[in-house]
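The values are calculated or read from the model by the stated rules, or taken from the named source; none is laboratory data. Just so you know, these numbers come straight off a predicted model, no measurement behind them. For neighbour counting, all protein chains shown are included, and Cβ atoms are generated from backbone atoms with ideal geometry for every residue, glycine included.
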Amino acid sequence: MNVTRCWAGWIAAGLVGFVAVAALQGQQSAPTVTDATLLKPADGDWPGYGRDYAETHHSPLKQIDQSNVSRLTQTAAIDVGSDGKVETTPLVFNGVLYGTSTWSQVYAIDLRTQKVKWQYDPALVRGGTEAMGPRPCCGPVNRGVALYDGKVYVGLLDGRLVALNADTGKYVLHYQTTPGDNWDYNSAQPMILADLTIGGQVRKVLMQAPKNGFFYVLDRATGKLISGAPFVYTSWATSIDMETGRPKETEAARYRFTPVRLSPSPVGAHHWPPMAFNPTTGFVYYPGQETSSAFAMEEKFEFKEGQWNLGIRRGTPAGTKPVPPPPPDPKAPPPGGFFVAWDPVAQKPAWKIPFLSSGGALSTAGQLIFVGNSAGKFFALDPLSGKTLWETQLGQGVATPIGYELDGKQYVAVMAGISKGKVHTFALP
């Protein structure tokens, strides 16, 4: 569904806080931003969205001050090919400015010559509904890039995350879980990095269970798909093509004006609650849900500035005839939530229990999984079986727990509450 087009900008805004740049000059590597650099950036650089990890948006420079600001003059106005509203926050490192313009275009400017060093245009389809291109709610804006390890990262309007070479602007890698997303199957869900033994070889992987219902294991160095399998019923796609990495869509997936029923719904098979990885069991623990929804395109879509522009039919518009909803899918399981221990190597559940979650999971070296449900109960589960080992009642809306140590004692902390939240901490007596 098309609200994903909005979220691409939000994802980009979240990404741009963590940055680094590397470029090659002849045989010597240019300075590279590291985590240590971001903790204390050089005074003259702006390498992150808020400049530093603290996101202060504060510059320590004071050459321009109250005594002389009245003499401030413009030194450059560089055209970067934008054809609409811009919302980017540019980044600066090692004399180069990086930013974005409309339609997810990326540019780098040499600040000494004041010339564009390179530009990247992902060539997004701009035809809206009829051309099956992005239909953004708030215009084709983009809020900036992230720089890290010699790459420029940008969230595109079509839901892709792309990495470019910071020195040349050339494409490096990307992976898109749901190309041409028309169902709101965004990939804003948390990711986990781990070292897994797959096929007798230790692989450095990235794991994610996004809204589209497939669990992905990627090579985090190359962005290549290692495996992908459904963790819920998926009627929009049958499987993941291992050659292309694209979902094998069903005939009903590319709906038009006649309503069809697809699973998952826009709520998704797994939403925002974080997953937990236990290196001892090798399992990933997370909540999910079986869902379905009716989908149909809005027949006479017109962009309305300042409003949601989803491009899908909701209810019966004034002056039109009611359209009957599609029949239930006989293959779909009953709707409901679950909590699963997923084996990412075998790509199947180790165990799965009915569960209505309101937050994410915590794994501990004490071989416990902590998680809360929507009724306000907070559990400690056996990571191998899912058996409840301990539980207590908190307020509704249990969030994601954490573990910490203070003065030699281990604690578990979690927030809970809907109207009035509280922080709950637990420890051994």
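Here S385, S419 are screened, and the one residue that is more than 27 Å from the chain's Cα centre (by Cα) and within 26 Å of I198 (Cα to Cα) is S385.
The residue that is surrounded by the most Cβ atoms within 10 Å (Cβ to Cβ), counting only those in segment 48-72 that are under 23 Å from V141 (Cβ atoms) and touching a His at 6+ places or on another chain (Cβ under 9 Å), is Y49.
Before we move on, is T88 over 30 Å from M207 (Cβ atoms), at pLDDT 80 or above and part of a loop (DSSP other than H, G, I, E, B)?
Yes; evaluated as a whole, the condition is true for this residue.
Take the residues of segment 237-258 that are β-branched (V, I, T) and in contact (Cβ under 8 Å) with a residue 24 or more places away in the chain: which is surrounded by the most Cβ atoms within 10 Å (Cβ to Cβ)? Ranking the candidates gives I240 first.
State yes or no: is P349 in contact with a Phe, Trp or Tyr (Cβ under 7 Å, 6 or more places away or on another chain), of a type outside the set (S, T, Y), in a loop (DSSP other than H, G, I, E, B) and modelled with pLDDT of 95 or more? Give the derivation first.
Details: in contact with a Phe, Trp or Tyr (Cβ under 7 Å, 6 or more places away or on another chain): yes; of a type outside the set (S, T, Y): yes; in a loop (DSSP other than H, G, I, E, B): no; modelled with pLDDT of 95 or more: yes.
No, not satisfied.
Criterion first (in the same structural domain as R254 (by TED's automatic domain parsing) and either within 24 Å of R254 (Cβ to Cβ) or under 15 Å from the mean Cα position of the chain (by Cα) (or both)) does I226 satisfy it? It is false that I226 is in the same structural domain as R254 (by TED's automatic domain parsing) and either within 24 Å of R254 (Cβ to Cβ) or under 15 Å from the mean Cα position of the chain (by Cα) (or both).
Working only within segment 214-227, note down all residues that are assigned to a strand (DSSP E or B), in contact with a Gly (Cβ under 8 Å, 6 or more places away or on another chain) and either of a type outside the set (A, V, I, L, M, F, W, C) or at pLDDT below 95 (or both). Let's see the steps before the verdict.
Quick first cut of segment 214-227, residues assigned to a strand (DSSP E or B) only: 214-219, 225-227.
Filter again for in contact with a Gly (Cβ under 8 Å, 6 or more places away or on another chain), leaving 214-217, 225.
The one that is assigned to a strand (DSSP E or B), in contact with a Gly (Cβ under 8 Å, 6 or more places away or on another chain) and either of a type outside the set (A, V, I, L, M, F, W, C) or at pLDDT below 95 (or both): Y216.
Flag: T75 does not match the condition of being polar (S, T, N, Q), surrounded by 15 or more Cβ atoms within 10 Å (Cβ to Cβ) and either at pLDDT 85 or above or assigned by TED's automatic domain parsing to the domain that holds L161 (or both).
Of everything in segment 353-377, what is at pLDDT 90 or above and assigned to a strand (DSSP E or B)? Give them in sequence order. Of everything in segment 353-377, those that are at pLDDT 90 or above and assigned to a strand (DSSP E or B) turn out to be I353, P354, L362, S363, T364, L368, I369, F370, V371, G372, N373, K377.
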